Every structure is written in C-alpha cells, then in structure tokens.
1. Add -39500 (n - 2.57) for each DSSP H run of 4 or more in the chain, then divide by its residues: what number comes out at 222 nm, to the nearest 500 deg cm²/dmol?
2. With labels modelled as points extended 7 Å from the Cα through the Cβ direction, what inter-label distance (nm, one decimal) is found for GLU414 paired with ASP461?
3. Would you please name the trypsin sites (Lys or Arg not before Pro) within the range 177-217 that are DSSP coil residues with at most 12 other C-beta atoms within 10 Å of their C-beta?
4. DSSP loop chymotrypsin sites (Phe, Trp or Tyr not before Pro) in the range 61-163 with at most 16 other Cβ atoms within 10 Å of their Cβ, which ones?
5. What aspartates and glutamates sit close enough to LYS120 to cross-link, taking a C-alpha to C-alpha distance under 12 Å and skipping anything fewer than 8 places away on the same chain?
6. Order SER650, SER230 by their accessible area, 1.4 angstrom probe, all chains in place, largest first.
7. Here is the link list: LYS358/LYS680; LYS458/LYS507; LYS358/LYS507; LYS324/LYS618; LYS158/LYS302. Which ones come out longer than 24 Å on Cα distance?
8. Taking H as built 1.01 Å from N, whose amide H comes closer than 5 Å to the amide H of GLU138, not counting residues under 5 places away?
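The values are calculated or read from the model by the stated rules, or taken from the named source; none is laboratory data. What you see is a predicted model; the values in this text were computed from it and never measured. FYI the Cβ positions are ideal-geometry reconstructions off the backbone, even for glycines, and counts take in every protein chain you see. Heads up: the accessible areas ignore ligands, DNA and RNA and are worked out on the full protein's heavy atoms, side chains in. Shrake-Rupley method; radii C 1.70, N 1.55, O 1.52, S 1.80 Å.
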Amino acid sequence: MCAVLEDVSAGRTQDSSRDDCVTLIKMIEFSSDICTDFESASSREWLETNGIGGFASSTISGVHTRRYHGLLIAATAPPLGRLLLFSKFKETLIINGNRCELSTNQYPNTIYPEGYKYLKSFRLAPFPIWTFEINGIEIEKKVFMVYGENTVICQWSKNTADSGQRTADNKQIELELKPLVAFRDYHHLRREDNDFNQNFNVAENQVSIQPYERMPELFFAHNAQTIEKSGFWYGDFEYAIEKERGFDFQEDLFQPFGLKFDLSKTATVIVSTEPQNISDVETFENKEIERREELIKTAEAKDAFFRQLVLAADQFIVSRSAGKTIIAGYPWFSDWGRDTMIALNGLTLATNRPEIAKSILLEFSNYISEGMLPNRFPDEGETPEYNTVDATLWYFEAIRAYVEKTDDYDFVRENLYEKLVNIILWHLFGTRYNIHVSDDGLLYAGEENSQLTWMDGKVGDTVFTPRIGKPVEIQALWYNALCIMADFADNFSDQADGEKYLQMADKAKQNFNDEFWNEDEECLFDVVDGEQKDASIRPNQIFAVSLPNTMLSIGKAQKIVQKVEAELLTPFGLRSLSPKDFRYCPIYTGTPFERDSAYHEGTVWAWLIGAFIDAYRKVNANGQQTENRIEEILENFKTHLTEAGIGQVSEIFDGDAPHKPRGCIAQAWSVAEILRVIGK
C-alpha cells in the first residue's frame, strides 16, 4: 500500500534518517507490495533538482527506464548545457563475505540483478529514501542534490530490524559501490568508445575522472575504506520507455573503480563537478531541508496537497544569467517562453514568491525581439527561437498578475512599459510569421509550415494543428493584453495611448463576437480565416471566458463552459479535441510520428484545468456548491502525485479512461495551474 502525503513527526533529533527533522514537509510513502512489484515500482519515478537546471532521477525499483535517468545530470551552462555524467552505482551488500546485489538493471530479455526484491519501503521525506531488508538487516539509502551546484549526495546507513537485532550485531556488513558513468549529452546515449579516457585520479577521500577534455571533470568525495581499480564497460543496458517511444534504447556505461565501505558507520559519496569535502554533508542536508521548509512557510500552504505542490513548483524555478527562468518540464524540456509565462503565476505568485516572478519578467524582457518573446531556448545554447504567437501575449497576463499581487506599478513603469508599448506596435504593423492585426482589429498569425500556438505538434514538414488565421485563444489573449495596457496607461498618465488601447479593444470585442460565435454548437469556432471557420470542439475557447478581461456576455460564457465540460473535461484536465470528432486519438502512444500526431487530437492536458476552473467559477455564482465541485474536479490529482512522477503532476494523459499519464513526469504549467486555482 502507498501512504499519500502522510504527516512526518515533528521535533528535531540527530537521527541519520532525518525524517524527524522535517517539521512542515509531508511524506509520500510506498510499502513493499508496490516496491517489490517490478512494473509498479519501475513506473514510479523520483526527481531531485538543483535550482540551476541540473537534476537526478530514476525509478523506485532502481532500474533506469529512460535515457534521462541518472544520478547527476549537470547543467554546465545554467539552465542548459545538460550532460548526463553519472548514471548510477552498482551496489552490493556484503554480509560476512556473502554478496547481495541491491541494484536493478534491465538488459535484453532479462532483469539483473533484482535488488528491488529486497525493498521494504520507499518514501519521499523530503528526499528519495529507500529501505532494503536482508535477513533482518535494514539498509537505508538516500539521495539529494545541493541547491545551486551540480552536486548529488548519496548515503547508505545500517538500521537493524527488531527481529534481527542480535544476529546483525554479530555480522560484518560492508557495502561495495561501483560507479557507472556516461559523460554524454542528456538527449543521447553512450556506446563503448575507444577515445574514452579511462584514467582516474586518487587523492585523500576523493577520486576524479575526466574521459573527454570537452566535458567537466567529475569528482567522487567519499569515506570509503578502500578503492579498487576496475575499468571496464557494462554493455546493453535497456531503457524500456525509450523502446516504447520508438527511440534508441540501449546504452553502454563505463565502470572505472570500486569503493568499499564498512557499514558500521554511514557510507557517503558526494558526486560533483567540483571538489567537495565529505565533512560538509550534514550541513548540506540541514540547509536543504530548511530551505524547503521555508518555501512551505512562505507559501502559507494550508494542507498536505498544497504543500507538496509548493515543493514541486520549486523544482522548475532555475537560474538564467543573473535572473530566473522556468524549466517547462522534466526530464527533457528546457525553458520555454510560453510555458514560463503561463506557469509564472502559479509557481511564484501563488506561493508568495513575487521576487522570483519579478526576476523572470525582467530576465525575459532582455530577449524581446521584433515585438516577440522567444518560444524556447535550445539546449545547445544557440539563438533563441521565436516561433510563437502566444508567449508574448501571456507575458502581458503574467505582468498583470504580478502587479495584482504586489501593486508594484513602479517596476512596470521603469522597466517594462516602453517594451510593452513596442510589442503592441510590432503587432499592429506586423512581425515574424505573418503575425499582424487585421482590419477587424483581431490578431492574425501563421504561414505555411508554421505552428505558432501551444498546439504545436510537428514532425519534419508535417504540422498537425497549423491553426493559421485567427485562433480563438489568441484573440482572447490579445483583447486581454489591450485591456491590461489601457490600465497601465491610465496609471502612468499616458492618456493618449490609453484611449487608443481601449478603442482597439472595443473593436476587437465587437468583431470577435460577430465572427467567432458558432450558433449550431453554441460555442466558439476554434480558428477563423476569412470565410473558413473551424468548428472543431477544442479547449482553446475556454480562455475567452477564463481570462481576467473577457469579450463575452455571461450567457455565451455559460454555454461555452457547458460545452467544454460535456465533451472535454476529464479527471485530469481537458481533452485537446472532442471524442465526437473523427480525428480524435484516444491513446497517446506509438512512434514519435504517431505520438506527435495525437498530441493535440484528444490527448488530455493537465494545465488546462486551471482555465476551466476559472471559467467555471465565473459562470457559477453559487458559492460553496461551486467550490465543492471544483474540489471534486481536483481530487484525482492528489492520487496522481503517487502514480508517475512522485510528488509531481504529469504533462499529459490519454484521452480515454483510465487516462494513463504520459509525456513528461513533471510539467511546470500542470503544477502551476493547480496551485494558482487552489490558492485563490
């Protein structure tokens, strides 16, 4: 059985498990029936992050199922330049000379070893902690990262189960650790390489290795009794999810040396891109626990669900240059403009961290080009990509939310207002990708082979949802932006521009209602392009109701919410297309082409639940009854915290029941939108 978000006992002691040092953080725990079931344990993934884009991640069972699984994925050019340097340890417990393997690996047609069978429990409290039990002897393993550094700390300690106390006291218990290193880009896989420099350097309580000059040196600080040279390749590790997704799925890892520990005391290894001191471990741990507790205190989180989401939110907030940004999702996304602006409110403002929001808004203002925010920053560190129409419009909404939270109009006036004025001008007269304001005051976007909205699935030259013309949510965002600008102009005594923005908004509102209302379906068209009107029932229309400034009457808004609820609402978000549509894809699976073609053709998106709840609240003014319904809608996410990314919310789910989680195990806007609406 798994215990969801259980209380951890209060009060501080010096116990090495440190569970009792956590006074505010809740615990997610899985007992042996989950941990010793290979499929159940391997489908649940843990995540530790370091605040600069690096992370550690794998499964409860210990088997790596993705190319992105490893104990140190370092961000060498924060938040990008991510390299999977260190994959895992080969862990062997030695009891009076008898060897017991604690690791779990998948090879062709076999699982070996099967260390997961010894698992008594796994818990997140607040770090990933495993408890193995062998012949009455309990071994506890813990993994956590150092905030602001490419450093991961791994510890093993011996506890003794009551039934085995006397027996264990008379046994010699040792731990042998053999690191398996990859030294590769985190999107790629390693194969045995003759150019791989196998040499390593040994200093007091530290070993280092640097197989390639172009990559950082990796340091292993330790308190082992002995070091043994090994130096050979382990071949053909298989990653099941990569195989399922139609990608290369086999990898070789190099094993340079072994460390042996006497478990009469805690075995500790610090793996880092910088030399470390083993004596600093307790300080690192205390500091990180206190940092997470402070996040919860600051957020004034009212229950266990909220508290866990606050910790989840923090994992996406990372450094970029001198400021902050948001990683769109783990394990493979970088920071995207659209995702950052949508997620900013929930991740930072709903958690009472407006200084982070301010930093993000200022940092992204440095990348405005031709009136546009970048869509994404490539992992390779190349020039930002600007193929988005909505990221820029979400920027206005993010700034509005920041001002609503802080009343900090001075920051906007001094740093952002002129840039926002310039953005409006670029949209009026035209910018990249044929983005321009049409004669009717609505915003046109798109050209052949472009995908500019959040529905951006594309493989090669095939764009699955091009939505060229006037997408419905773009008009809602454009109108919202104009109203925001009118408010700013009024506060900054810019009367002439303020009147202009109001006139533009009025024109857009009138023509939007004339062009977008679908009388037959009593909802909104998804895209209008001249006489062509796309009547697909998609969730994009919900933003015309949910955004703070709306162009719709209450009557039309109610009908839209009813339509979306009837055809698109699921326990985990909104479907991207109605099941009644012949193009509807119920399951998100298959080859990359098949998955990308299903990405916005029925797949459920968790982040859309925020807009739906906003809209639902607007059109249902019956107080507690409405809030009870919203609580019911969100209830399934509490269970979901134990199902895929432990303590996190997935990117997407299948359109059909049971709505299996898919895509990224941790998605910024999924977490953010839930936080935003429950924090109101």
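1. Values: 19 runs with 213 residues, N = 680.
Rounded to the nearest 500, it is -9500 deg cm²/dmol.
2. For GLU414 paired with ASP461, the spin-label model returns 5.2 nm.
3. Details: sites: ARG184, ARG190, ARG191, ARG214; in loops: ARG190, ARG191, ARG214.
Counting only loop positions with at most 12 other Cβ atoms within 10 Å, the trypsin sites (Lys or Arg not before Pro) in the range 177-217 are ARG214.
4. Details: sites: TYR68, PHE86, PHE89, TYR116, TYR118, PHE122, TRP130, PHE132, PHE144, TYR147, TRP156; in loops: TYR68, TYR147.
Qualifying residues, ordered by number: TYR147.
5. GLU29, ASP33, ASP37, GLU133, GLU138, GLU140
6. Numbers: SER650 0, SER230 35 Å².
Listed by decreasing accessible area, they come as SER230, SER650.
7. Values: LYS358/LYS680 20 Å; LYS458/LYS507 34 Å; LYS358/LYS507 32 Å; LYS324/LYS618 33 Å; LYS158/LYS302 36 Å.
As for pairs spanning more than 24 Å Cα to Cα, those are LYS458/LYS507; LYS358/LYS507; LYS324/LYS618; LYS158/LYS302.
8. ASN159, THR160, ALA161
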